[in-house]
Amino acid sequence: MDKIMERILPRVQKPARYTGGEYGQTVKELSAVKTRFAFCFPDTYEIGMSNLGMRILYGVLNEMEGVWCERVFAPWGDMEDQLRKNGIPLYTLESGDPVRDFDIVAFSLGYEMAYTNVLNMLDLAGLPIRAEDRGDGFPLVIAGGTSCLNPEPLAAFIDLFLLGEGEESLPELVKIYEDSRLSGETRESFLKKAAKIEGIYVPSLYEVSYNGDGTIKSITPKDGAPKKIRKRIIKNLDAAFFPDKTIIPSTEIVHDREVLELFRGCIRGCRFCQAGYVYRPVRRRSPEVLAEHARASLDYSGYEEMTLSSLSTSDYRGLRPLCDDLLAHCEARSVSLSLPSLRADNFSVELMERVQKVRRTGLTFAPEAGSQRLRDVINKNVREEDLLNTCGIAFEGGWNTIKLYFMLGLPTETDEDVTAINDLVNKVVHVWHQRAKNKARGLRITVSTSCFVPKPHTPFQWEAQVTREEYMRRVALLRSVMRSKSVTYNWHDADTSYIEACLSRGDRKMGDVLEKVWRTGGKLDAWSEYFSMERWLNAFISCGVSPEFYAFRERGEDEVFPWSHIDVGVEPEFFLYQRHEAYNERVTPDCRAACLNCGALSLCPEVGCDA
Amino acid sequence: MPEQRLLFEKTGRAIYISHLDLMRTFQRIFARASVTVKHSEGFNPRPKISIALPLSLGQESVCEILDFCLVSGSALEELPEKLNAVSPEGIRIIKAYNASRKPKDIYWVKILGQMEYDSGAPEDIEKRLDDFFAQKIIVIKKKSKSGISDFDIVPCINSVGFEKTSHNTVKVNAVITAQNPALNPENLMAALRQLSPDLAPDFTKFRRIEIFDKDGEIFR
């Protein structure tokens, strides 16, 4: 252990986050390594190590000969202070080598509030934060992940983005970069070449011009870059890499369990949900392949819990036989099975009762809106009677804790819709009185609301967010009617939702704001300990950028979006059609009931959509 | 009475794994090796394993013990090899055996420390340290749950000796109490910092090297 590190580590919180050396990490002989890849997750170790995408890509890259992928996470403030004070540049966990000496530095971007960490980590690594200031001698800085489907706020800082799923495109990129680097090609010439690969977006090859009102006039490619950049997908999940052998942290992380990914995409089409559109089309793993991965990965990890992961687990065809198969294996070794993302229907509770024989957790449902009218607007196909009946079965089964998630500020929401949340909750309480088997233990309902953030590539991408004041007024309204003693109401603060709204639909001007926020001390903005609304608002003012323009403005239907050149498969016309259906309070059937030709099928016409 | 016991090392990068995390890590090491240990009863079954004398974060040890009940999956003598194959860096099982004594019989622990003086060790350091620790009482301020309290460390010290190994390092060898009350080796340095700051090093790292019963016999 390095002498300085030896002194620093005892002084910081949870030092095991900064040491590496966990079971399952990959260490390679340097003499056989041609490309060193620093996989940076712009949040803490506990968050980053919980990310399935990172585990997959770590495995995919380390399977490549001559490539060594290592991990880097954002240090907590105490560690950052120590690194800076002692002049230690950001390092990777496996080898402890400085990130700036790597060939490729990659960021995984899942949510907008991590953007300031990208700048901070580049700086901690000793790299210039802006792409234009990093010449040929510097590592290639790339990014991927869901929030890059609007890459524009980070366009100034990243050399190239990989759009969509990276299992195939990332190795392709690594290979061509290795060849380019070894042949002495310039960065500029390499980027032009890379831009021709499907799924790769090189922001410096696009000129963005603006109208007088601040909206975008045009996005123009140059040097042969494509007009539209299409996201990549894995067509056959059964054949895709699965991290059977992965790193098992020695310190507790957020999701400290085995994750079994059932399928990608979602058949539901909830109109507020970005994931539901950008992961289309639906592609599933077969039950046989899943069972094999479950066994192999549990054997390897020794985890005591496994979770089935997808956007809507109830919609997996063959979920019951799969669970039976997995349960037999899990029970034999005291492994519990958890099933998040279940729909509120009868089948769910029955399933929960079956799987939770080992350990039992609470029930969580997300009706999202209180009234049926508003649930129809957002196309959340949960009927009140389904929810109540599900709760009834759960109460009969002995459950007495239920969490319910809602959003406030959804398009067309009225005060009646807000108070309808309370009506729904009261009906749940009533059902408990009628059907609970054991009333002595009492009922606990936790209701949470958050402020709706309109996202790119959704039918609500045109919508205005409600102001913070309006959100708080609706919170107060809901509080004033919510009287049941069994109910606890938690509302999320709207400040981060406001900034998230600016960033998620932001354009390149947001880059200056990000830099200003970071330069005035912004980092770890997803953490309330670090987030400062004042800092963000000051940065907007000093950059002459109006946050209201991005968050509170309803976009014209013919407006060019900052992400108009990004093609996620679903047609822009489909989003518009869905928007109109929302205003008509008309629901759209799920993709299994009827295909509405959203356009995503064009990403894999040969295998089709597996809704 | 616990039935089986592991003697293991915790060194290198593993010294930053906390006591609680180490318990969880061992739970998974057993599972990975397909070794079944007895679980607790009830709603949330957990393997019943216990590690005696929690080690402070950042200290090494070559004499840690972990008690458990082996149900199935391995013969005792094959256990170290099986577990080591699936352990993180720095955790190494030396021996697995049937336990014959209770961990509460552990009385003394032998520690080895390296004291580092960045601008060189003070003049006459060995003698001055010897004199300091030869005092009849050495009361330090110690943070506890109920606030700051006075703590005389002398009854907790069986022996302590110092040896200057270079111009800026001094080796400390000590036998101190393991429990009831335990003396954290860091407290030796805290005593210097509080009562004789000119002798306090800039940094000290410790290694636990042996555990003994009350009579000074090695505990296994």
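Observations, loosely collected:
- Residue A:136 being in contact with a Lys or Arg (Cβ under 7 Å, 6 or more places away or on another chain), at pLDDT below 95 and acidic (Asp, Glu): yes
- One residue alone among A:488, A:458, A:467, A:496 is surrounded by fewer than 19 Cβ atoms within 10 Å (Cβ to Cβ), within 27 Å of the chain's Cα centre (by Cα), modelled with pLDDT of 95 or more and of a type in the set (Val, Ile, Thr), and that residue is A:467.
- Test: residue in segment B:177-186 that is at pLDDT 95 or above, more than 18 Å from residue B:114 (Cβ to Cβ), within 22 Å of the chain's Cα centre (by Cα) and not in a loop (DSSP other than H, G, I, E, B): yes
- Neighbours by Cβ (under 7 Å, 6+ apart or cross-chain): first from segment A:220-237, under 26 Å from residue A:265 (Cβ atoms); second open to solvent by 70 Å² or more (accessible area, probe 1.4 Å): A:230/A:198; A:232/A:168; A:232/A:198; A:234/A:168; A:235/A:607; A:236/A:607
- One residue alone among A:24, A:48, A:59 is of a type in the set (Gly, Ala, Ser), within 14 Å of chain B (Cβ to nearest Cβ), under 25 Å from the mean Cα position of the chain (by Cα) and closer than 26 Å to residue B:87 by Cβ, and that residue is A:24.
- Selection count where residues are open to solvent by 10 Å² or more (accessible area, probe 1.4 Å) and of a type outside the set (Gly, Ala, Ser), scope segment A:160-169: 4
- Residue list for segment A:6-42, filter: assigned to a loop (DSSP other than H, G, I, E, B) and under 25 Å from residue A:181 (Cβ atoms): A:26, A:27, A:28, A:29, A:33, A:34, A:42
- The residues of segment A:279-309 that are among the aliphatic types (A, V, I, L, M), under 24 Å from the mean Cα position of the chain (by Cα) and either modelled with pLDDT under 95 or over 26 Å from residue A:269 (Cβ atoms) (or both), listed by number, are A:294, A:306, A:308.
- Qualifying strands (runs of 3 or more DSSP E) (wholly inside segment B:1-72; at least 1 residues being among the small types (Gly, Ala, Ser) and open to solvent by 50 Å² or more (accessible area, probe 1.4 Å)): B:70-72
- Residue match in segment B:104-119 (condition: open to solvent by less than 50 Å² (accessible area, probe 1.4 Å), modelled with pLDDT under 95 and away from chain A (no Cβ under 14 Å)): no
- Set A:31, A:50: member being assigned by TED's automatic domain parsing to the domain that holds residue A:109, modelled with pLDDT of 95 or more and over 29 Å from residue A:264 (Cα atoms): A:31
- Condition check for residue A:125 on (1) over 29 Å from residue A:233 (Cα atoms); (2) open to solvent by 10 Å² or more (accessible area, probe 1.4 Å): one failure, at (2).
- Of all residues assigned to segment A:306-326, none qualifies as being within 14 Å of chain B (Cβ to nearest Cβ), of a type outside the set (Ser, Thr, Tyr) and closer than 20 Å to residue B:41 by Cα.
- Checking residue A:202 against (1) surrounded by fewer than 16 Cβ atoms within 10 Å (Cβ to Cβ); (2) under 19 Å from residue A:188 (Cα atoms), the condition it does not meet: (1)
- Failed item, numbered, when residue A:63 is tested on (1) open to solvent by 10 Å² or more (accessible area, probe 1.4 Å); (2) acidic (Asp, Glu); (3) closer than 21 Å to residue A:520 by Cα: (3)
- Taking first residues from segment A:1-17 that are more than 8 Å from every other protein chain (Cβ to nearest Cβ) and partners that are open to solvent by 80 Å² or more (accessible area, probe 1.4 Å) and in a helix (DSSP H, G or I), no Cβ contact under 8 Å between residues at least 6 apart in sequence or on separate chains turns up.
- Entirely in segment A:463-568, the helices (runs of 4 or more DSSP H) that have 3 or more residues that are touching a strand residue (DSSP E or B) at 6+ places or on another chain (Cβ under 7 Å): A:468-481
- Test: residue in segment B:52-62 that is within 27 Å of residue A:306 (Cβ to Cβ) and more than 8 Å from chain A (Cβ to nearest Cβ): no
- Enumeration of residues in segment B:129-176 that are open to solvent by 60 Å² or more (accessible area, probe 1.4 Å), assigned to a helix (DSSP H, G or I) and in contact with a strand residue (DSSP E or B) (Cβ under 9 Å, 6 or more places away or on another chain): B:130, B:155
- Test: residue in segment A:420-438 that is open to solvent by 10 Å² or more (accessible area, probe 1.4 Å), outside any helix (DSSP H, G or I), more than 21 Å from residue A:338 (Cβ to Cβ) and not hydrophobic (A, V, I, L, M, F, W, C): yes
- Among the residues of segment A:273-300, the ones that are aromatic (Phe, Trp, Tyr) and open to solvent by 30 Å² or more (accessible area, probe 1.4 Å) come to 2 in all.
- Spans of helices (runs of 4 or more DSSP H) in segment A:104-196 with at least 2 residues under 18 Å from the mean Cα position of the chain (by Cα): A:115-124, A:166-182
- Extreme residue, nearest to the other protein chains (Cβ to nearest Cβ), among residues of segment A:243-259 that are crowded, with 22+ Cβ neighbours inside 10 Å and either basic (Lys, Arg) or outside any loop (DSSP other than H, G, I, E, B) (or both): A:248
- Residue check for residue B:95: outside any loop (DSSP other than H, G, I, E, B), in contact with a strand residue (DSSP E or B) (Cβ under 7 Å, 6 or more places away or on another chain) and not assigned by TED's automatic domain parsing to the domain that holds residue B:10: no
- Every pair of residues 6+ apart whose Cβ atoms lie under 6 Å, when the first sits in segment B:198-216 and is more than 13 Å from every other protein chain (Cβ to nearest Cβ) and part of a loop (DSSP other than H, G, I, E, B) while the second is open to solvent by 40 Å² or more (accessible area, probe 1.4 Å) and not small (Gly, Ala, Ser): B:200/B:193; B:213/B:105; B:213/B:107; B:214/B:107
The values are calculated or read from the model by the stated rules, or taken from the named source; none is laboratory data. None of the values given here were measured: they were computed from a predicted structure. Cβ sites come from the backbone with ideal geometry, for glycine too, and all protein chains shown count toward neighbours. What goes into the accessible areas is simple: the full protein's heavy atoms, side chains included, and nothing from ligands, DNA or RNA. Shrake-Rupley method; radii C 1.70, N 1.55, O 1.52, S 1.80 Å.
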